[in-house]
Amino acid sequence: MPTISRVLAAIPLSASLIALSAPSARTPALLERRVVAPGESLAVLATGPAPRAGEPAVLLIPGPVGSAHSVRLLVSGLIARGVTVRVIDPLGMGQSSRPDSADYSLGQQAVRLLQVTRAELPSVPVVVAGIGTSATIAMHMAATAPNDIGGVVSIAGGPMDQQATKMMRIALAVSPLLDNRVGRALARRRFVSSMKAQSASSTWMTDSVVKAYTEPIERDLGRVFRALRAMAAAHERVPIADRLPRITAPLRLLVGDTPTPSAPTSAQVDVLRRTVADFQIDTIQQAGTMLQEEQPAAVVTVIDALVRSARARKKLAVPAQLDLFDN
């Protein structure tokens, strides 16, 4: 039987259901829900200036841990540069709905996010930044709707199809062990330890930040693991590697200079180099894979550079039917 320590090791990499919250007390933001299908709705945080036709905007897709709280520093930095920002939790994460029978594949998540993005940011080129596994969602979006996407920023996330890692499967098998006071306390300690392992320095991990990351998980472990089971069972209709050649927007992969267990693999980087026409990898100094926490200013600079590039190209979005991965 898997040990409790092995189970707890899986939680930081797979527990992705953190409540959506405002980026900061000083940032005006509006949280709304957008229905994308019966029983399916996505939580959207709208902030920054109102979108203008032809003016690029930014979509931030939180990764496996943290939801909108994890991108609060990116939001503040982009708003300071006058950029329109939307933060959208994919289905099953944050305050988005968690239906049991939904298709949680990363490709289908991209279809949902495109549907909401077109309603939120019509007729504007959108630069999409995804954290971790959500970077693959951003890649699917760019491949599906190249006229809508003005750039992609992958924050420490390589292209992937399989969300059910070995440790996630172990965690799901023995999840009832964690649904008690002792289990939650152990999970919290393991969370802190794992986040340190993903970072070049733990100085960003203040008590308030750790609390914001962990409390939503602890409040409802049952819902967390139900959503994870659905994600683990999801099947990609078309592998992301087959879709990458269709990306016409510039794609930037950001990695830290400190090796961590969750960093993109050399094989993932090689796939991007071989298949994406405009690909570049940037190494951020003094960071691991928690780039949005350790070096948010550097991440904002890269995102803003793609915004300015999209503006210079005057690339206006052209409405098109989603291909739903039929090609």
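Below are the figures for this structure:
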item: Among 230-241, 109-120, 151-162, the order from most to least packed when residues are scored by Cβ within 10 Å on average; result: 151-162, 109-120, 230-241
item: Stretch gain in nm, segment S266-A312, where the contour uses 0.36 nm per residue and the Cα spacing is subtracted; result: 13.3 nm
item: Peptides ranked, highest mean first, by Cβ atoms within 10 Å: ranges 266-274, 246-254, 84-92; result: 84-92, 246-254, 266-274
item: Additional length obtainable on full extension of the chain from T301 to A80, 0.36 nm per residue less Cα span; result: 78.4 nm
item: Relative packing of peptides 307-313, 39-45 - highest average C-beta neighbours within 10 Å first; result: 39-45, 307-313
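Every number here is computed from the coordinates shown, using simple stated rules; none is lab data. All values reported here derive from a predicted model rather than from experimental measurement. Cβ sites come from the backbone with ideal geometry, for glycine too, and all protein chains shown count toward neighbours.
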